[in-house]
Amino acid sequence: MESIRQAVERAKLSAESHGVGASDVYRRHPLTDISPFRSASLSSVELNAAHLQKHRILAHDGKDVAARPFDLLRAEVLRSMDLKGWRILAVTSPTPSCGKTFTALNLAMSIARQADREVCLVDLDFRRPQIATSLGLKSGHGVTSVLEGRSELHNAMVQVRIGSTRLEVMPTTTSVNSSDLSSSLALKKLLQDVAGYERSRITIVDLPPMLAGHDVISILPQIDCVLLVAAVGTTKTSEIEDCKKYLENSDIVRVVLNKVPQSNNTFAYY
Ligand SMILES: Nc1ncnc2c1ncn2[C@@H]1O[C@H](COP(=O)(O)OP(=O)(O)OP(=O)(O)O)[C@@H](O)[C@H]1O
Ligand SMILES: [Mg+2]
């Protein structure tokens with residue numbers, strides 16, 4: 001099996017020969033302000049508040065105390081992203097179950113509450129996709145159907161609503177070809193299309209765990225910055241250090257410490 005270091009080298013070469021992240025696309029078209037699709041043309045789904053609560057998704061309600069750490073994280077992340085012109089944020093962790101999907105969903109909800117922002121959440125965990133289940137969406141078209149040429153982008157994306165909060169979501173189904181899909185040119189194009197060209201548009205990508213395979217390393221050249229989620233009692237310092245090695249050519253926007261005991265929010269970051 002290919003070593004992780006070889007995969008890093010392959011991903012770097014691919015980035016060099018295929019171009020770079022979506023923000024560079026923006027820089028190449030600085031006067032363009034046209035999304036490739038409009039929310040109006042997407043199918044729209046009203047989310048169920050009780051279902052969201054069961055899955056710990058609470059940041060859509062700014063009055064809920066559980067939204068506060070995500071609002072703080074939002075402020076920090078967006079400040080860094082705006083400063084650098086970054087628009088695609090990937091959420092990953094060293095090992096499984098650290099809370100990537102929980103963090104990606106709540107951060108997306110928090111950003112979506114801001115009237116002057118658009119946010120799109122994309123599930124790129126082809127081994128264990130959870131975005132659709134967490135939101136209570138029926139599985140159907142998604143990222144894999146676009147990558148495999150079975151669906152157009154706007155058919156694979158859905159606008160979800162809860163109260164006055166709206167965001168775009170692109171779920172996915174599992175794929176036995178996750179390594180091929182993760183390193184495909186089709187995925188690069190999909191992310192560029194989803195990100196569009198508007199500065200206020202933020203794309204959040206929910207990734208698999210970094211140390212469990214090569215998928216994340218293949219996707220990294222297509223994203224602008226990384227939010228690394230670690231879980232108290234699970235994540236070892238050595239695993240964070242291993243991730244940082246693989247992320248040496250990526251920008252880590254924050255490291256989030258999740259599942260913090262004796263904390264009201266069980267969530268902290270630095
Ligand atoms: N801060 C938290 N407090 C309590 N439970 C949490 C917290 N964060 C996540 N969880 C729970 O832990 C489980 C794993 O979370 P989640 O699915 O977000 O992890 P993940 O890193 O995306 O996992 P995977 O590697 O399988 O994709 C879920 O049941 C989630 O509700
Ligand atoms: Mg997950």
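The values are calculated or read from the model by the stated rules, or taken from the named source; none is laboratory data. Everything numeric in this text was worked out from a predicted model, so none of it was measured. Neighbour counts are summed over all protein chains in view; Cβ atoms, including those assigned to glycine, are modelled from backbone coordinates with ideal geometry.
Summary table
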quantity	calculated
Test: residue in the stretch 188-204 that is of a type in the set (D, E, K, R) and free of Cβ contacts under 8 Å to residues at least 12 places away in the same chain	yes
Number of positions in the stretch 77-117 that are touching a strand residue (DSSP E or B) at 6+ places or on another chain (Cβ under 6 Å), in a helix (DSSP H, G or I) and not aliphatic (A, V, I, L, M)	4
Subset of the stretch 34-63 that is outside any strand (DSSP E or B) and surrounded by fewer than 12 Cβ atoms within 10 Å (Cβ to Cβ) - its residue that is modelled with the lowest pLDDT	I34
Qualifying residue in the stretch 182-193 (condition: among the hydroxyl-bearing types (S, T, Y), within 28 Å of H141 (Cα to Cα), within 16 Å of ligand 1 (Cβ to nearest atom) and within 16 Å of the chain's Cα centre (by Cα))	yes
Selection within the stretch 140-171 - under 19 Å from H51 (Cβ atoms), among the hydroxyl-bearing types (S, T, Y) and touching a helix residue (DSSP H, G or I) at 6+ places or on another chain (Cβ under 7 Å)	T165
Number of the exception - K188 against (1) surrounded by fewer than 16 Cβ atoms within 10 Å (Cβ to Cβ); (2) part of a helix (DSSP H, G or I); (3) basic (K, R)	(1)
Qualifying residue in the stretch 122-130 (condition: buried (at least 17 other Cβ atoms within 10 Å of the Cβ) and away from ligand 2 (no atom under 16 Å from the Cβ))	no
